[in-house]
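The values are calculated or read from the model by the stated rules, or taken from the named source; none is laboratory data. Source: prediction; values computed, not measured. Ideal geometry is used to build each Cβ from the backbone, glycine not excepted, and the neighbour counts take in all protein chains shown.
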Amino acid sequence: MAKQMTIGRSSALSGTFGEMIAEFMGTMILLLFGDGCVATFALFNNLGGQPFANEWIVIILGWGLAVMLGIYVAGAISGAHLNPAVTLALAVRGKHPWRKVLPYCLAQLLGAFVAAAILYFVYQGAIMNAAGGKNIADAVGGVFYTSPKPFVGTFGAFCDEFVGTALLVGLIFAITDGRNQPVQGNLNPLIIGFLIVAIGASFGLNTGYAINPVRDFGPRLWIAIVSNGASLNSYTWIPIVAPLLGGVVGAFIYDFTIGKVIIARGLDKSGDAVTTGEAVREPVSR
């Protein structure tokens, strides 16, 4: 009986449930480091003596490293999507089973939600100091989720998130395409991290570049709990819908431009690289 139970547990962890755990953990790591760097930027830059924390470079480098670490955590198990826009785009292009789309997205959302809760308690003192009696969402909501600058309209914000996510997914397809000079030696998480830095440097300031629905909505849900729903506003839908649409468009653009050229030229996979989801690894010699 004990042996049967062990086999049953092993089987559950080796399937979709295990992949959900990987997506949960990877997304939680992503948000802990990502929103953690935003907390450093937003909660301490008015205290004096914190010159580095005043720079936008803290945000873009912090998020780049956060994505890299999240992918390293989950890459070999689930492909480390960590983003419903990536999961949806892969499914639309036939590179991920549709039956796994909802489980992956739920795991990602839960990971982001839990990360926000952890950061809320870790930075409790700094949050209360910055809020000064104001509603949490109004005072420090930007630590947890994104919002457009006052001069950026709805159309501009939607376009920013759409284009940023299209670039993200299209370039992930390029980086992980085994036929297109792929990054090898398990360095693709680092390169994708640099991609996040580049997007933040080029498209980050209009909206805070969510480019990931759960990166925004998970923390927004947590803050809704502690702010009587004040974090759920008229902007909430944009960092959900725009990245989902942008990711699919980015996937199609890559597959029907560079992808078609690669097929026409009959290019094979580069070297001995093996591509699984987003993970590119060298096969282990035995």
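Would you be able to tell me the number of residues in region 41-70 that are aromatic (Phe, Trp, Tyr), over 14 Å from the mean Cα position of the chain (by Cα) and either at pLDDT 80 or above or buried (at least 18 other Cβ atoms within 10 Å of the Cβ) (or both)?
Looking only at that region, the number is 3.
Give me the residue from region 168-219 that is buried (at least 24 other Cβ atoms within 10 Å of the Cβ) and small (Gly, Ala, Ser) and, out of that set, farthest from ALA74 (Cα to Cα).
Ranking the qualifying residues of region 168-219, first place goes to ALA210.
Among the residues of region 237-276, which ones are modelled with pLDDT under 90, outside any helix (DSSP H, G or I) and either within 24 Å of TYR209 (Cα to Cα) or charged (D, E, K, R) (or both)?
Passing the criteria: ASP268, LYS269, ASP272.
Pick from VAL122, VAL73, VAL86: which is within 22 Å of LEU244 (Cα to Cα) and among the β-branched types (Val, Ile, Thr)?
Details: VAL122 fails: within 22 Å of LEU244 (Cα to Cα); VAL73 fails: within 22 Å of LEU244 (Cα to Cα).
Being within 22 Å of LEU244 (Cα to Cα) and among the β-branched types (Val, Ile, Thr) holds for just one of VAL122, VAL73, VAL86, which is VAL86.
Please list, ordered by residue number, the helices (runs of 4 or more DSSP H) wholly in region 83-177 having 2 or more residues that are in contact (Cβ under 8 Å) with a residue 12 or more places away in the chain and under 20 Å from ILE29 (Cα atoms).
The helices (runs of 4 or more DSSP H) meeting that bar are 84-92, 101-122, 136-144, 154-176.
Which of the residues that make up region 121-146 are buried (at least 19 other Cβ atoms within 10 Å of the Cβ) and within 15 Å of PHE217 (Cα to Cα)?
ALA137, GLY141, VAL143, PHE144, TYR145, THR146
Would you mention how many residues in region 184-236 are without any contact (Cβ under 8 Å) to a residue 24 or more places away in the chain and not in a loop (DSSP other than H, G, I, E, B)?
4
Which of (1) in a helix (DSSP H, G or I); (2) modelled with pLDDT under 95; (3) surrounded by fewer than 21 Cβ atoms within 10 Å (Cβ to Cβ) does GLY75 not meet, given it meets every other one?
(3)
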